[in-house]
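Here the structure is laid out as structure tokens; the discussion comes afterwards.
The values are calculated or read from the model by the stated rules, or taken from the named source; none is laboratory data. Every value quoted in this text rests on a predicted model; they were computed, and no experiment measured them. Glycine gets a Cβ as well: all are built from the backbone with ideal geometry, and neighbour counts include every protein chain shown. These accessible areas exclude ligands, DNA and RNA; they are computed on the full protein's heavy atoms, side chains included. Shrake-Rupley method; radii C 1.70, N 1.55, O 1.52, S 1.80 Å.
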Amino acid sequence: PLRGGDLRGENHHYRYLYRRLRPAYLNVEEHTAQWTSEKAREIQQKFIDGKVNVLSCSTTFELGVDVGALSAVLMRNVPPTTANYIQRAGRAGRRRETPAYVLTFAQRRSHDLAHYTRPERLVAGRVRPPSVAIRNPEIVRRHMASVLIAAFLRWCADERGRFGERAELKVGPFYAPTDGRPSGPELLAEYLTQPLETLRETLARITPEALRNELGAGDWRPWLDGLTNGEGTGRFDVVAALIREDLELFERLANEAWAAGSTRASYYRNTAKTIRDRDLLNEFARRGVLPKYGFPVDVVELHTDHLALDAAKEVELQRDLRLALSEFAPGSEIVAAKTIWRGGGLHKRPGRELDSWKYVVCKACGRLNRWKGEERPALCVGCGQPPASKNGESGTFLIPEFGFLAARESGGKPGETRPPRSYTSRVYFDKPRKPEHLSDSDMHWEDFRPVGGLGDGLTEFATRYSHYGELVVINGGHGQPKRGFQVCQSCGYARPAPESGKGKRRKGTDEHANPRTGRPCRGTLYPYHLGHDFITDVLELRVTGSLAQPDAPEPEKSRWWSVLYALLEGASEALQIRRNDLNGTLYTLPDGVVPALVLYDDVPGGAGHVRRVAEAWPAVFAAALERVRGCSCGP
């Protein structure tokens, strides 16, 4: 018993606990999608049996997992939605004899602090019923295209003996066959001359009634013309033309290099082979012809099977390429299976080269200019001036579509702090490439239209939406200016480029070890950045008038970044869209004084989220204002 409130000696609470309570052991394991399925099941069973009593989990335990007498859940951040919170908190207390203790740690960021100030929104557990926007025309168009292409490929296999095997469903055999047989587009034109009443009935049946007239599901000609037509403006036609132009470009570059006695000839031919060997259905999805949401096709792996580590056989380290550009990049480190994995190179495939782009970010207007081949554009696509860049914002970026290699130095044990994030990538908005025979109007790029309900006469807002926006992610490497990476085109070895004088990146023949075999390699190290381009739904917002002051001083850009992120938070709140499914960037228009704000669906192929934002701008602005009005997380 306490003696008069004296907390010294035996009455000190923590002294008492330390001396009298029996210590509890903690046997900790991680449970994430990075394990192989067999290893994940093994760890889960050990947890159920009590051999492991603490699990560090990703969202793998969020749904459908009953692990018995689980007594406590600790969340290291606030989940994105009430539904996520209920699923995670609901793992505890599923037995009568087991009390439930749930603790959520709110980090110092806007999402967490917004829920920290109003915790009842999560704890009360009121979940808005999930919904599917079946009236999204772009999603429905892609599903209609999937029905047509499936029927067409069956006809090709049954009637023409083509594309009946998976080996034939590649970009090269379909678009540019070398055996004299008709190409896929030629066969599609022939197929569409057949009587197709059954197909038309199927399309009419699956199309939501409210969209049948708009999409032409009854008289299907308007929809079909949007997919393929004689003028070559349909989405299928655009994809075919771009692929043919790429193949013709690399063939021309290879011939020119061969004639000049350059060793680049084999590089160009192998790059063309990479394009020819791409999976046809993945390419359809990546280009927005087929549905892609929920079925990512840009997933790459950090290969570990070449390492003599036990954990190397138990993990599957995969990321969407946009994330992998930073997390798997040469020199970057991640932790999985209680092991530090370090990026050591780019995965190579025999006889194939990685696709690449040359680029320059105009320092006058901030626009990304990119091109293939040797000829640099004379004028910037944004401001019309000769494109000059800041140091580190130009060069060549490789697209590591075959994945990455773990360095042979991997295998260390993590300490008490996570490895620092080595790199950050930058997203640039770019209008989609168009074939040479098409103009902007042929690409159905709509004009800006005023936003109703916003503006005060002095400031005006205008917006436009595209289902075919193209974004480019670039990882320029360490430092300021960005120094990039040195990559061996022989073995795939790569490392962060070292500092050199004024930041120049030079190629060299420095000896290094092949990351797969560990044997010395004398291949040349070339300077590169890493990049990836993807197509998704995009919404632009342009501000003109009194708020659109000249944006020359660099600090002014922080204003527009702040507005952009406030609107993203507002859209997530007002329209109940997962915040992780939305993102944004800034974009300089040719006639713009300040950058346009670009919101895009951060999901594979787009899901129509920003289309909903376009129809609810006043509500999004109101929710954004409410968020920043009560914000306490600092600048």
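A few comments on the model shown:
- Residue in segment 406-413 that is within 28 Å of residue 246 (Cβ to Cβ), at pLDDT 85 or above and of a type in the set (Ser, Thr, Tyr) present: no
- In segment 436-465, the residues that are open to solvent by less than 30 Å² (accessible area, probe 1.4 Å), at pLDDT 80 or above and in a loop (DSSP other than H, G, I, E, B): 451
- Single unsatisfied condition, residue 474 versus (1) part of a loop (DSSP other than H, G, I, E, B); (2) open to solvent by less than 20 Å² (accessible area, probe 1.4 Å); (3) at pLDDT 85 or above; (4) under 23 Å from residue 367 (Cα atoms): (1)
- Any chance residue 251 is out of contact with any Pro (no Cβ under 8 Å at 6 or more places or on another chain) and over 30 Å from residue 335 (Cβ atoms): yes
- If the condition is being modelled with pLDDT of 90 or more and either on the phi > 0 side of the Ramachandran plot or out of contact with any strand residue (DSSP E or B) (no Cβ under 6 Å at 6 or more places or on another chain) (or both), then segment 477-495 contributes 484, 492.
- Residue in segment 166-177 that is over 30 Å from the mean Cα position of the chain (by Cα), assigned to a helix (DSSP H, G or I), surrounded by 18 or more Cβ atoms within 10 Å (Cβ to Cβ) and not aliphatic (A, V, I, L, M) present: no
- Residue list for segment 155-165, restricted to those being assigned to a loop (DSSP other than H, G, I, E, B), of a type in the set (D, E, K, R) and surrounded by fewer than 17 Cβ atoms within 10 Å (Cβ to Cβ): 160, 165
- Within segment 83-94, residues that are over 22 Å from residue 577 (Cα atoms) sit with their Cβ atoms under 7 Å from residues that are in a loop (DSSP other than H, G, I, E, B) and of a type in the set (Ser, Thr, Tyr), at 6+ positions apart or across chains, in these pairs: 92/71.
- Only residues that are among the aliphatic types (A, V, I, L, M) and under 12 Å from residue 143 (Cα atoms) were counted across segment 205-214, and they come to 1.
- Annotation: residue 302 fulfils all but one of (1) more than 23 Å from the chain's Cα centre (by Cα); (2) not in a loop (DSSP other than H, G, I, E, B); the unmet one is (1).
- Subset of segment 609-622 [more than 14 Å from residue 464 (Cα to Cα) and open to solvent by less than 20 Å² (accessible area, probe 1.4 Å)]: 620
- Only one of the numbered conditions (1) closer than 30 Å to residue 281 by Cα; (2) of a type outside the set (A, V, I, L, M, F, W, C); (3) open to solvent by 60 Å² or more (accessible area, probe 1.4 Å) is violated by residue 585, and that is (3).
- One residue alone among 620, 563 is within 30 Å of residue 141 (Cα to Cα), aliphatic (A, V, I, L, M) and at pLDDT 90 or above, and that residue is 620.
- Which numbered condition residue 252 fails, given (1) basic (Lys, Arg); (2) loosely packed, with under 14 Cβ neighbours inside 10 Å; (3) over 27 Å from residue 524 (Cβ atoms): (3)
- Which listed residue is under 23 Å from residue 430 (Cβ atoms), modelled with pLDDT of 85 or more and part of a strand (DSSP E or B), from 613, 543: 543
- Here is the figure for segment 367-393: residues that are in a loop (DSSP other than H, G, I, E, B) and open to solvent by 30 Å² or more (accessible area, probe 1.4 Å) total 17.
- Residues satisfying the stated conditions in segment 198-219, i.e. surrounded by 13 or more Cβ atoms within 10 Å (Cβ to Cβ) and either charged (D, E, K, R) or closer than 28 Å to residue 170 by Cα (or both): 199, 200, 202, 203, 212, 214
- Wholly enclosed helices (runs of 4 or more DSSP H) of segment 190-239 bearing at least 2 residues of a type in the set (A, V, I, L, M, F, W, C) and within 22 Å of residue 287 (Cα to Cα): 221-227
- Boolean, residue 338 is open to solvent by 10 Å² or more (accessible area, probe 1.4 Å), among the charged types (D, E, K, R), at pLDDT 90 or above and in contact with a Lys or Arg (Cβ under 8 Å, 6 or more places away or on another chain): no
- Residue count for segment 343-366, restricted to those that are assigned to a loop (DSSP other than H, G, I, E, B), over 30 Å from residue 303 (Cβ atoms) and touching a strand residue (DSSP E or B) at 6+ places or on another chain (Cβ under 9 Å): 2
- Test set (1) open to solvent by 70 Å² or more (accessible area, probe 1.4 Å); (2) in contact with a helix residue (DSSP H, G or I) (Cβ under 8 Å, 6 or more places away or on another chain) - residue 195 fails condition number: (2)
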